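All of the numbers you see were taken from the coordinates with simple rules; none came from a lab. This is a predicted model, so every value here is computed, not measured. Cβ sites come from the backbone with ideal geometry, for glycine too, and all protein chains shown count toward neighbours.
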Amino acid sequence: MVVGQVDTWVESTVADEFHVQLGKRLDAAVNRGELRSCINNRGVRWGHVLISESVLAPLTKPDIRDLRLVAGDVLVCEGGEIGRASVWNDELPEAYFLNTLHRLRSKGRYEPRLLVAFFERWATTGELLALVGKSSLAHLTKENLLRVYIPVPTPAEQKRLVETLLAVEKLIAGLERLVTKKQAIKQGMKQQLLTGNIRLPGFTGPWLKASLGDISAFITKGATPTTYGFKWESSGVLFLRSECVSEHGLDMTQSMFISSAANRALRRSQVTDGDILMTITGYVGRVIRLAGISSANINQHIARVRINDSKFDRGFVYHFLSQRTVRDHYETIVTGQAYPQISLKQVRETEILAPPVDEQRAICEALNDADTELAALRHRLVKARAVKQGMMQQLLTSRTRPRVSETAA
């Protein structure tokens, strides 16, 4: 394997292998030149460039001559996530770069994609922090970047390494496209089925209208156990924080535990299988539906909704509340600029529109199937990314370190 040959790799520096240039600085006071598409650091992701983040900026003739991107250029973030990098692959027929990015153009001896792989590896291990300039605003200076030591495999090894990494990245990109496609399909289903624009075959009847408070048990919220003298436990009753209510369902990595005594004392905020949980502070309006959890508790940033009206299916109500239009409504009524929030009263007043209950259940089943497919794709994507990290661990051995000279700023 390549790893076994690492000790034979020679060392070089970014300065020796690449021409490095910082991009155009935008200055509103000197706003002259021709408008051109420019890439900034928001558009540079690991392994790809988001063209949707490009901006139009005025460039002078020298800028147009010096800052035009060509296929194979490496773009490295100067600020933000220090060192985040990608190779430019002519995603636009003509593009330039701003001063939030360094452009590294190979002198012909080093595979651009391999350099990005080393930077991503070092970012994962935290070693890129050594490249940050010593100032109040973290940034990667050109001087420090030029001094970075990089391992130099033989040309044949560089080619094999890049081909191997590109293969797994192609798999990841394909899965990302599938996830995006399935998300769009599901969004279209929700927009049609949850608004009555399309009725499922065989279903008729008028739609019902009710407030969320009218079709639920008393909508309540939780509390912080430590406020009442209870401590966190290493095991016991599951305690859900607002971070657990994520965009993609229940995030158990953010959960904690409380004792049975604390759970009894906080019985008003006990939750169980089938309950709908909604964030009412911070990222207001995120919703999940509990499944397979018989007993848990919640904090004060989550509202518990427990549907108890037989004319409304709790799964349908969950999908209805997860619509973007509902989130948009909450955003128009939030209070607090630094920490947005809505009241339980506003949650109870949320208007629910629904067809007859049999159609509600059929709609819920269709959307659940879409959710299951999405979850399976996301799981495959997580595994593929883990495989990539494992490959980088093996192929780009940790015995190689990014270093700068003693005189680095």
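Within the stretch 349-366, whose backbone N sits under 11 Å from a point 7 Å along Cα→Cβ of F203?
Label zone hits: 354-366.
Applying a 10 Å radius around every beta-carbon, put 311-324, 377-390 in order of their mean neighbour count, most first. All intermediate terms of the calculation are to be shown ahead of the outcome.
Values: 311-324: 20.5, 377-390: 14.3.
By packing density, highest mean first, the sequence is 311-324, 377-390.
Residue by residue through the stretch 185-190, which ³J(HN,Hα) values in whole Hz follow from phi under the Karplus form 6.51 cos²θ - 1.76 cosθ + 1.60 (θ = phi - 60°), with glycine and proline marked x?
Coupling constants for the stretch 185-190: 5, 5, 4, x, 4, 4 Hz.
Scan around E81 for amide H atoms under 5 Å from its own, H built in the peptide plane at 1.01 Å from N, and keep only partners 5 or more places away or cross-chain.
Under 5 Å from the amide H of E81: no residue qualifies.
Relative to the present Cα-Cα distance, how much length would full extension add between T335 and D369 at 0.36 nm per residue of separation? Walk me through the numbers on the way to the answer.
Details: separation 34, 0.36 × 34 = 12.24 nm, distance 3.60 nm.
Going from the current span to full extension adds 8.6 nm.
Give me the net charge for the shell around D275: Cβ to Cβ below 12 angstrom, other residues only, Lys and Arg +1, Asp and Glu -1. Please list the in-between numbers first.
Working: positive: R289, R304, R306, R314; negative: D273.
Its environment carries a net charge of +3.
Considering the chain as a Gaussian network with a 10 Å cut-off on Cα pairs, which listed residue, T124, T226, T272, attains the greatest mean-square fluctuation?
Between T124, T226, T272, it is T226 that shows the largest mean-square fluctuation.
Please report the spacing between the Cα centers of the stretch 297-331 and the stretch 351-381 in Å, no decimals.
Taking the Cα centre of each part, the stretch 297-331 and the stretch 351-381 sit 14 Å apart.
Between L166 and M391, 0.36 nm times their residue separation minus their Cα-Cα distance comes to what?
Numbers: separation 225, 0.36 × 225 = 81.00 nm, distance 1.14 nm.
Gain on extension, L166 to M391, equals 79.9 nm.
With +1 assigned to the C-beta of every Lys and Arg and -1 to the C-beta of every Asp and Glu, and no other charges, what is the dipole magnitude of the stretch 274-409 about the Cα centre in debye, to the nearest 20? Display every interim value, and only then the final one.
Details: 19 positive and 14 negative charges, 184 e Å.
About 880 debye.
Counting other C-beta atoms within 10 Å, which of L145, L208 has the fewest, and how do the rest follow? Could you put the intermediate results ahead of the total?
Numbers: L145 23, L208 16.
Fewest-to-most Cβ neighbours within 10 Å comes out as L208, L145.
Explain nothing, just the number: dipole magnitude of the stretch 2-153 about its Cα centre with +1 on each Lys and Arg Cβ and -1 on each Asp and Glu Cβ, in debye rounded to the nearest 20.
Working: 19 positive and 19 negative charges, 76 e Å.
Here the stretch 2-153 has a charge dipole of around 360 debye.
A 30 angstrom limit on the alpha carbon distance is what I want to check against. Which of K24/K181; K142/K181; K181/K345; K24/K383; K181/K383 exceed it? Each step should come with its number before you reach the end.
Values: K24/K181 35 Å; K142/K181 39 Å; K181/K345 37 Å; K24/K383 39 Å; K181/K383 19 Å.
From the list (K24/K181; K142/K181; K181/K345; K24/K383; K181/K383), the Cα-Cα distance tops 30 Å for K24/K181; K142/K181; K181/K345; K24/K383.
Explain nothing, just the number: relative contact order of the chain, from Cα pairs under 8 Å at least 6 residues apart, as a whole percent. Write out the running numbers ahead of the final one.
Working: 725 pairs, mean separation 72.7, N = 409.
The normalised contact order for the chain reaches 18 percent.
Suppose a student asked you for the relative contact order of the stretch 2-153, using Cα pairs under 8 Å spaced at least 6 residues apart; what percent would you report? Write down the numbers at each step before the final one.
Working: 297 pairs, mean separation 49.3, N = 152.
Relative contact order for the stretch 2-153 comes out at 32 percent.
Where nothing but the Cβ of Lys and Arg (+1) and of Asp and Glu (-1) is charged, how large is the charge dipole of the chain around its Cα centre, in debye to the nearest 20?
Working: 54 positive and 43 negative charges, 65 e Å.
The calculation lands at about 320 debye.
Cα axis of helix 357-395 to longest principal axis of the chain: angle in degrees, 0 to 90, nearest 10?
Between the helix axis and the principal axis of the chain, the angle is about 30 degrees.
Please work out the ratio of the alpha-carbon Rg of the stretch 101-252 to 2.2 N^0.38 Å and round it to two decimals.
Values: Rg = 26.7 Å, N = 152, 2.2 N^0.38 = 14.8 Å.
Relative to the rule-of-thumb radius for its length, the stretch 101-252 sits at 1.80.
By how many nm would the segment from A173 to R327 grow when fully extended, if each residue of separation counts as 0.36 nm and the alpha-carbon distance is taken off? Write out the running numbers ahead of the final one.
Values: separation 154, 0.36 × 154 = 55.44 nm, distance 2.93 nm.
Gain on extension, A173 to R327, equals 52.5 nm.
If packing is taken as the average count of other Cβ atoms within 10 Å, what order do 194-205, 171-182 fall into, highest mean first?
Details: 194-205: 11.8, 171-182: 14.6.
In descending order of packing, they fall as 171-182, 194-205.
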